[in-house]
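Comments concern the structure below.
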Amino acid sequence: MSAQPDQNRTFVDAEAARRARIDLAACHRLAVRFGLHEGIDNHLTLLVPGRPDRFYLAPFGLHWSEVRASHFMEVDFDGTRRVGDGPVEDTALHIHLPVHRMAPRAHCVLHTHMPYATALGMLENPRLEMAVQSALVFHEDVAYDMDYNGLAFDRSEGERLARVLGDKSVLMMANHGALVIGRTVAEAFDRLYFLERACQAQVLALSTGRPLRPIPADVVRRTVDQFRGGTEVGGSQRVELHFAALKRLLDRDEPDYAA
């Protein structure tokens, strides 16, 4: 009688792992589709279901347009590759590992040098202004690291970044890029996507040379409450609906991502 629950749990874990791998592979392909990638650089990682001390990582050297669900290695919090083959790039360990370990919401960690968020981080004032509706989703949920220290080639730099991130879901990294976390791949990618869109709108507005027109504080607060009350549509999470729609694009055009 005792064997049956174990068998069921093994099946559930295997299915959860398969879905997690497919979602993370989709995340890589979608980052290419929307111009959020830098070839083989940067990293997108996800905790292994049922293993809070391990995360999935693509072998370094794969272009993100090549990444498949079967490619992912499993790396533990000691930095040891436990499953899979391929090189583990240093900054994946020194940035992602501490963030996974130290940030409660960091089941999925996405670090990119996407163009508009990176451009905003090059300014003397890199703050995302509450001047467009898409920015309001990030109200009081963005941390700013103003101390660029070069390449993250030691664990202490990642721990410093995790402390700066704190309880926020977005870290704007001055002179560097952006880092976004989420409880699921769908949640993290949704925030990454709309962060870049909000930054794009701000950079384009600033390029006119005319001053931004901030949204009044009372309207900001009211709209933030509206966003928080509208996370579901038809009983489904809005972020899950978004990610499912994006995966359908891949199912049609790049179905090998799920292999």
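All of the numbers you see were taken from the coordinates with simple rules; none came from a lab. Nothing here was measured: the structure is a model prediction, and the numbers come from that model. Virtual Cβ from ideal backbone geometry, glycine too; neighbours counted across all protein chains shown.
Applying 1/(1 + (r/R0)^6) with R0 = 22 Å to the Cβ-Cβ distance of L151 and R105, what FRET efficiency is obtained, to the nearest 0.05? According to the calculation, E is roughly 0.30. The rule of thumb for compact globular proteins, 2.2 N^0.38 Å, goes into the C-alpha radius of gyration of region 2-157 1.16 times. Most tightly packed first, judged by the mean number of other beta-carbon atoms within 10 Å of their residues, the peptides 154-165, 220-231 read 154-165, 220-231. Within region 128-162, whose backbone N sits under 20 Å from a point 7 Å along Cα→Cβ of L249? Counting backbone N atoms under 20 Å from the label point, the list is 134-135. Ratio of Rg to Rh for region 126-188: 0.99 [Cα atoms; Kirkwood radius as inverse mean 1/r over pairs]. What is the sum of charges around D253, taking Lys and Arg as +1, Asp and Glu as -1, for the other residues whose C-beta is under 12 Å from the C-beta of D253? Residues close to D253 contribute a combined charge of +2. Seen from G177, the other residues with C-beta closer than 12 Å to its C-beta sum to a net charge of -4, counting Lys and Arg as +1 and Asp and Glu as -1. Extension gain, Q237-D141: 0.36 nm per intervening residue step, less the Cα-Cα distance, totals 32.6 nm.
What's the extension gain from D256 to D218 if we count 0.36 nm per residue and subtract their Cα-Cα distance? Extra length from D256 to D218 when fully extended: 8.9 nm.
Please give the net charge around V220, taking every other residue with its beta carbon less than 12 angstrom from that of V220, where Lys and Arg add +1 and Asp and Glu add -1.
Result for the local shell: -2.
Each principal axis of the Cα cloud of region 14-258 was taken in turn, and the coordinate range along them, longest first, works out to 51, 45, 30 Å. Write down the Kirkwood hydrodynamic radius of region 104-218, to one decimal in angstroms, obtained as one divided by the mean of 1/r over all alpha carbon pairs. Final number for the Kirkwood radius of region 104-218 is 14.5 Å. The share of Cα pairs per 10 Å bin across region 203-259, counted from zero up to the longest distance, runs 18, 22, 27, 25, 8 percent.
Hey, what did the chain get for relative contact order, percent, Cα under 8 Å, at least 6 apart? Value for the chain: 21 percent.
Each residue, F34 and R160, gets one label point 7 Å from its Cα in the Cβ direction; the gap between the two is 3.0 nm. Proximity of backbone amide H atoms, modeled 1.01 Å from N, is registered between R82 and E74, V75, D76 at under 5 Å, excluding neighbours fewer than 5 places apart on the same chain. Under the membrane-span-like helix rule (DSSP H runs whose alpha carbons stretch at least 27 Å along the helix axis, mean Kyte-Doolittle hydropathy 0.5 or higher), the chain yields 185-206. With Cα atoms defining each centre, region 97-132 and region 27-73 are spaced 17 Å apart in the structure.
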